[in-house]
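**Q** This structure is in structure tokens; I'll ask about it shortly.
The values are calculated or read from the model by the stated rules, or taken from the named source; none is laboratory data. Remember, it's a predicted structure, so these values are computed and weren't measured experimentally. FYI the Cβ positions are ideal-geometry reconstructions off the backbone, even for glycines, and counts take in every protein chain you see.
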Number of protein chains: 2
Amino acid sequence: MTYQLYYWTGIQGRGEFVRLALEDASADYVDVARVDGDDAMQPFLNGDRTGARPFAPPFLVSGDLVVAQVANILHFLGPRLDLVPEGEAARLQALQLQLTIADLVTEIHDSHHPIASAAYYEDQKDAAKRRASDLRTNRLPKFLGYFEQVVDRGNGHALGTHSYVDLSLFQLIRGLDYAYPKAMQALVPKVPQLRKLEARIAARPNIATYLASERRLAFNTQGIFRQYPELDGGIDG
Amino acid sequence: MTYQLYYWTGIQGRGEFVRLALEDASADYVDVARVDGDDAMQPFLNGDRTGARPFAPPFLVSGDLVVAQVANILHFLGPRLDLVPEGEAARLQALQLQLTIADLVTEIHDSHHPIASAAYYEDQKDAAKRRASDLRTNRLPKFLGYFEQVVDRGNGHALGTHSYVDLSLFQLIRGLDYAYPKAMQALVPKVPQLRKLEARIAARPNIATYLASERRLAFNTQGIFRQYPELDGGIDG
């Protein structure tokens, strides 16, 4: 089974959460837009193809299925790639955690685009400074404190054993390290388990190979995690 | 099986998407905080109970399971309440659509709280005006146009037959009618199928009974959908 992943070229973005799962499992997949260009996504986005119409990338094509929304894609791939424990309770818990990661990812995106996702950052910079301050001071400690407890109780894993959720937590930490280095430095003492998890995932052979490959794009200021020094800082208050 | 739903008292909020599914199916459930107060949620939110720790309400308790995140709860309830077609493809499509509804709900929330969810509306009113203008002009037409096509292709249903997604689309339309009456009026010609769906759901006997009951709280300016006339208007541009 070859999976076709569709996502914007040029950024890691939300597609990276799916990519990490496919890479970790050595799945057979094609990153279609990187081969054929972003236009290859349009027939799906326009609703001109059979299968569920995606609202936005990323989406995954597997045979007749078109699966969109990161958490939904990982819910679909989890059992197939052996990246989620067996049983309904574990699968629901994985989906719940992935959705909570997705909520934080949206908040991180909105910290540089609080007014309009299609408008320039420069035209919403003042609002971004205020929202980023709230993210650093209130939201990041709350979300990361939650994930820290989850991983602490799972003996270093979100679900007690390796899963796609761990891979997504790795990506979340790496992205935040890039975008908010000062805030993350201030949070170091509070999230030791997440740090350990990040190091453990980076050392997995397939992930290490992937991170060193050309397939892993560098973080940049076109993606979700953006390094704008004026938005970074300590944990205020 | 009695389900225990936990959600903030005093508002419809995100809990309402779950409530509508339980009501439509005549499920046996207790709306716990409305009986015992909001404090009843704290042991779960603090991680003092067994089962998956929720990050935030709503969450549903069913036997040993604690299930959080609206889309995850509905994914769990769907087959049990006969509110999703059988088969993996349909369940994935339902989850995908529900997640897209969730994305729009977050954008609607952020239209009155673009800077900080814990801060007063009055302290972010100027940013809210800009974000609400973008919501009305760009985001609502895009999202509702997408759902309109989905429902048109499903012969009046998101999934070709009645499902929890239709119930959530009903709630979305009702909430937008309350919060953004002018914008929704401007969109009338573009979403005839969503209007028909809304009327059909309102006429379902269990839903009609529920909407007329004291269990259905009125929309108010504490919830996700808020009627702030200064944020409403036509479709600009």
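**Q** For the stretch A:9-30, which residues satisfy the criterion of being among the acidic types (D, E) and out of contact with any helix residue (DSSP H, G or I) (no Cβ under 7 Å at 6 or more places or on another chain)?
**A** In the first step, residues of the stretch A:9-30 are kept if they are among the acidic types (D, E); the result is A:16, A:23-24, A:28.
Selection gives A:D28 alone.
**Q** Check off (1) farther than 26 Å from A:D110 by Cα; (2) surrounded by 21 or more Cβ atoms within 10 Å (Cβ to Cβ); (3) of a type in the set (V, I, T) for A:T2 and give me the number that stays unchecked.
**A** If we test A:T2 against (1) farther than 26 Å from A:D110 by Cα; (2) surrounded by 21 or more Cβ atoms within 10 Å (Cβ to Cβ); (3) of a type in the set (V, I, T), just (2) comes out false.
Residues checked against (1) within 15 Å of A:A179 (Cα to Cα); (2) in the same structural domain as A:I173 (by TED's automatic domain parsing); (3) basic (K, R):
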{"position": "A:L97", "(1), (2), (3)": "no, yes, no"}
{"position": "A:E107", "(1), (2), (3)": "yes, yes, no"}
{"position": "A:D110", "(1), (2), (3)": "yes, yes, no"}
{"position": "A:E122", "(1), (2), (3)": "no, yes, no"}
{"position": "A:K129", "(1), (2), (3)": "yes, yes, yes"}
{"position": "A:S133", "(1), (2), (3)": "yes, yes, no"}
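**Q** Now for a different question. Checking the conditions here, which among A:G37, A:G63, A:G51, A:G47 is touching a Lys or Arg at 6+ places or on another chain (Cβ under 9 Å) and either exposed (fewer than 15 other Cβ atoms within 10 Å of the Cβ) or at the interface with another protein chain (Cβ under 9 Å from one of its Cβ atoms) (or both)? It would help to see each step written out before you state the result.
**A** Details: A:G37 fails: touching a Lys or Arg at 6+ places or on another chain (Cβ under 9 Å); A:G63 fails: touching a Lys or Arg at 6+ places or on another chain (Cβ under 9 Å); A:G51 fails: touching a Lys or Arg at 6+ places or on another chain (Cβ under 9 Å).
Just one listed residue meets the conditions, A:G47.
**Q** Now, a different point. Run A:Y180 past the list (1) crowded, with 21+ Cβ neighbours inside 10 Å; (2) under 18 Å from A:R131 (Cβ atoms); (3) of a type outside the set (V, I, T); (4) in contact (Cβ under 8 Å) with a residue 60 or more places away in the chain and report the number of the one that doesn't hold.
**A** Result: A:Y180 passes all but (4).
**Q** Looking at (1) in contact with a Pro (Cβ under 8 Å, 6 or more places away or on another chain); (2) touching a residue at least 40 places away in the same chain (Cβ under 8 Å), find the lone condition where A:L97 falls short.
**A** The failed condition is (1).
**Q** Sticking with this one: Given A:Y146, A:Y178, which one is touching a Lys or Arg at 6+ places or on another chain (Cβ under 8 Å) and assigned to a helix (DSSP H, G or I)? Walk me through it before giving the result.
**A** Values: A:Y178 fails: touching a Lys or Arg at 6+ places or on another chain (Cβ under 8 Å).
None of the others qualify; the one that does is A:Y146.
**Q** Still on this structure, I have one more. Name every residue in the stretch B:5-28 that is more than 27 Å from B:S117 (Cα to Cα), touching a strand residue (DSSP E or B) at 6+ places or on another chain (Cβ under 7 Å) and surrounded by 21 or more Cβ atoms within 10 Å (Cβ to Cβ), in order of residue number.
**A** Of everything in the stretch B:5-28, just one residue is more than 27 Å from B:S117 (Cα to Cα), touching a strand residue (DSSP E or B) at 6+ places or on another chain (Cβ under 7 Å) and surrounded by 21 or more Cβ atoms within 10 Å (Cβ to Cβ), namely B:L22.
**Q** Considering only the stretch B:192-231, state which residues are among the hydroxyl-bearing types (S, T, Y) and in a helix (DSSP H, G or I).
**A** Residues satisfying the conditions are B:T209, B:Y210.
**Q** Oh, and also: Confirm whether A:L144 is under 16 Å from A:E107 (Cα atoms), at pLDDT 95 or above and in the same structural domain as A:S117 (by TED's automatic domain parsing). Outline the logic, then answer.
**A** Details: under 16 Å from A:E107 (Cα atoms): yes; at pLDDT 95 or above: yes; in the same structural domain as A:S117 (by TED's automatic domain parsing): yes.
Criteria met by A:L144.
**Q** Looking for something out of contact with any His (no Cβ under 9 Å at 6 or more places or on another chain) and over 24 Å from A:A71 (Cβ atoms) - is there at least one such residue anywhere in the stretch B:96-112?
**A** Our first condition is that a residue be out of contact with any His (no Cβ under 9 Å at 6 or more places or on another chain); within the stretch B:96-112, this holds for B:96-97, B:99-112.
Subsequent filtering for residues that are over 24 Å from A:A71 (Cβ atoms) retains B:112.
Yes, the stretch B:96-112 contains a residue that is out of contact with any His (no Cβ under 9 Å at 6 or more places or on another chain) and over 24 Å from A:A71 (Cβ atoms).
**Q** For the stretch B:127-134, does any single residue satisfy the condition of being hydroxyl-bearing (S, T, Y) and either under 17 Å from B:G233 (Cβ atoms) or without any contact (Cβ under 8 Å) to a residue 60 or more places away in the chain (or both)? Break it down into steps so the answer makes sense when it comes.
**A** As a first pass, look at the stretch B:127-134 and keep what is hydroxyl-bearing (S, T, Y): B:133.
Of the ones still in play, those that are also either under 17 Å from B:G233 (Cβ atoms) or without any contact (Cβ under 8 Å) to a residue 60 or more places away in the chain (or both) are B:133.
Yes - at least one qualifying residue is present in the stretch B:127-134.
**Q** For the stretch B:149-170, which positions are surrounded by 18 or more Cβ atoms within 10 Å (Cβ to Cβ) and in a helix (DSSP H, G or I)?
**A** Looking only at the stretch B:149-170, we keep the residues that are surrounded by 18 or more Cβ atoms within 10 Å (Cβ to Cβ), and these are B:150-151, B:154, B:157-159, B:162-170.
Correct list: B:V150, B:V151, B:Y164, B:V165, B:D166, B:L167, B:S168, B:L169, B:F170.
**Q** Could you list, in sequence order, all residues of the stretch A:90-145 that are within 7 Å of chain B (Cβ to nearest Cβ) and farther than 18 Å from B:K129 by Cα?
**A** Answer for the stretch A:90-145, where residues must be within 7 Å of chain B (Cβ to nearest Cβ) and farther than 18 Å from B:K129 by Cα: A:L92, A:Q93, A:L95, A:Q96, A:L99, A:T100, A:T106, A:D134, A:N138.
**Q** Shifting gears a bit: Only residues that are of a type outside the set (F, W, Y) and in contact with an Asp or Glu (Cβ under 7 Å, 6 or more places away or on another chain): list them for the stretch A:191-237, please.
**A** First, pick out the residues of the stretch A:191-237 that are of a type outside the set (F, W, Y): A:191-209, A:211-218, A:220-224, A:226-227, A:229-237.
A:V191, A:Q193, A:L194, A:L197, A:I201, A:R204, A:N206, A:I207, listed by residue number.
**Q** Separate question: Please work out if A:L217 is surrounded by 13 or more Cβ atoms within 10 Å (Cβ to Cβ) and touching a helix residue (DSSP H, G or I) at 6+ places or on another chain (Cβ under 7 Å).
**A** No, not satisfied.
**Q** Please count how many residues of the stretch A:185-212 are among the hydrophobic types (A, V, I, L, M, F, W, C), free of Cβ contacts under 8 Å to residues at least 12 places away in the same chain and under 14 Å from A:P141 (Cα atoms). Show your work before the answer.
**A** Taking the stretch A:185-212 and keeping what is among the hydrophobic types (A, V, I, L, M, F, W, C), we get A:186-188, A:191, A:194, A:197, A:199, A:201-203, A:207-208, A:211-212.
Subsequent filtering for residues that are free of Cβ contacts under 8 Å to residues at least 12 places away in the same chain retains A:188, A:199, A:203, A:208, A:211-212.
When the remaining residues are screened for being under 14 Å from A:P141 (Cα atoms), the result is A:188.
Final tally of qualifying residues: 1.
**Q** Going through the stretch A:1-53 one residue at a time, which ones are modelled with pLDDT under 95, within 23 Å of A:P79 (Cβ to Cβ) and not small (G, A, S)?
**A** Result: A:M1, single match.
**Q** What about B:E86, is it within 30 Å of A:D123 (Cα to Cα), surrounded by fewer than 23 Cβ atoms within 10 Å (Cβ to Cβ) and either more than 12 Å from chain A (Cβ to nearest Cβ) or under 15 Å from the mean Cα position of the chain (by Cα) (or both)?
**A** Working: within 30 Å of A:D123 (Cα to Cα): no; surrounded by fewer than 23 Cβ atoms within 10 Å (Cβ to Cβ): yes; either more than 12 Å from chain A (Cβ to nearest Cβ) or under 15 Å from the mean Cα position of the chain (by Cα) (or both): yes.
Spelling it out, it is not the case that B:E86 is within 30 Å of A:D123 (Cα to Cα), surrounded by fewer than 23 Cβ atoms within 10 Å (Cβ to Cβ) and either more than 12 Å from chain A (Cβ to nearest Cβ) or under 15 Å from the mean Cα position of the chain (by Cα) (or both).
**Q** When the residues of the stretch A:203-237 are filtered to those that are among the small types (G, A, S) and under 18 Å from A:L144 (Cβ atoms), which remaining residue is farthest from the chain's Cα centre (by Cα)?
**A** Within the stretch A:203-237, the first condition is being among the small types (G, A, S), and the residues that meet it are A:203, A:208, A:212-213, A:218, A:223, A:233-234, A:237.
With the extra rule that they be under 18 Å from A:L144 (Cβ atoms), the set shrinks to A:233-234, A:237.
On the way: A:G233: 22, A:G234: 23, A:G237: 28 Å.
Filtering the stretch A:203-237 for residues that are among the small types (G, A, S) and under 18 Å from A:L144 (Cβ atoms), the one farthest from the chain's Cα centre (by Cα) comes out as A:G237.
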